[in-house]
Amino acid sequence: MYSEKVINHFQNPRNVGEIENADGIGQVGSPVCGDIMKIYLKIENDVIVDVKFKTFGCGAAIATSSMATELIKGKKIEEALKLTNEAVAEALDGLPPVKMHCSILAEEAVKTAIIDYYKKQGKDTSDLEIKDIKVCEGCSHAYSKEY
Ligand code: FES
């Protein structure tokens, strides 16, 4: 049911923890399943030099958080903003359909952390705000943003 990569990232998650004095912090949660994901970014010269996460959630949420941090580490902010939940799932060699919504949490946690960074820089983030909160078709989970 789960790919080897999902099991590997669940059992040995990369970049777990928090960053003191992080430049951007994003927290999202699903009001339905109650899972919460928090991402911390350290940014220098528009590059994500460090990233850590804490996820209180299911195995797929932990694996997708772990993979998302791997995918954005060392990347420019603009590239990280393009990260989609489909790309995270693909990098894990797929997720069972009922678990795709967990990857949405990862995408939105990254975006929320970047928006937080931009806000701290005094930048206008109105065109970056997550307007259409994604809803998983399979389970109707919707996501809420918290700072
Ligand atoms: Fe809630 Fe996976 S079941 S994120």
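The values are calculated or read from the model by the stated rules, or taken from the named source; none is laboratory data. Keep in mind the model is a prediction, meaning the values are calculated, not measured. All Cβ positions, even for glycine, are placed from backbone atoms using ideal geometry, and neighbour counts span all protein chains on display. SASA here: full protein model, heavy atoms, side chains in, ligands and nucleic acids out. Shrake-Rupley method; radii C 1.70, N 1.55, O 1.52, S 1.80 Å.
Looking at Lys42, Lys5, just one residue is open to solvent by 70 Å² or more (accessible area, probe 1.4 Å) and not in a loop (DSSP other than H, G, I, E, B), and that residue is Lys5.
Residues that are among the hydrophobic types (A, V, I, L, M, F, W, C), touching a residue at least 24 places away in the same chain (Cβ under 8 Å), surrounded by fewer than 24 Cβ atoms within 10 Å (Cβ to Cβ) and away from the ligand (no atom under 12 Å from the Cβ) do occur in the stretch 25-39, at least one of them. For the stretch 40-66, residues that are touching a helix residue (DSSP H, G or I) at 6+ places or on another chain (Cβ under 8 Å) and away from the ligand (no atom under 14 Å from the Cβ) total 8.
Scanning the stretch 59-92 for residues that are of a type in the set (A, V, I, L, M, F, W, C) and in a loop (DSSP other than H, G, I, E, B) yields a total of 2.
Restricting attention to the stretch 93-116, the residues that are over 10 Å from the mean Cα position of the chain (by Cα), more than 15 Å from the ligand (Cβ to nearest atom) and assigned to a helix (DSSP H, G or I) total 3.
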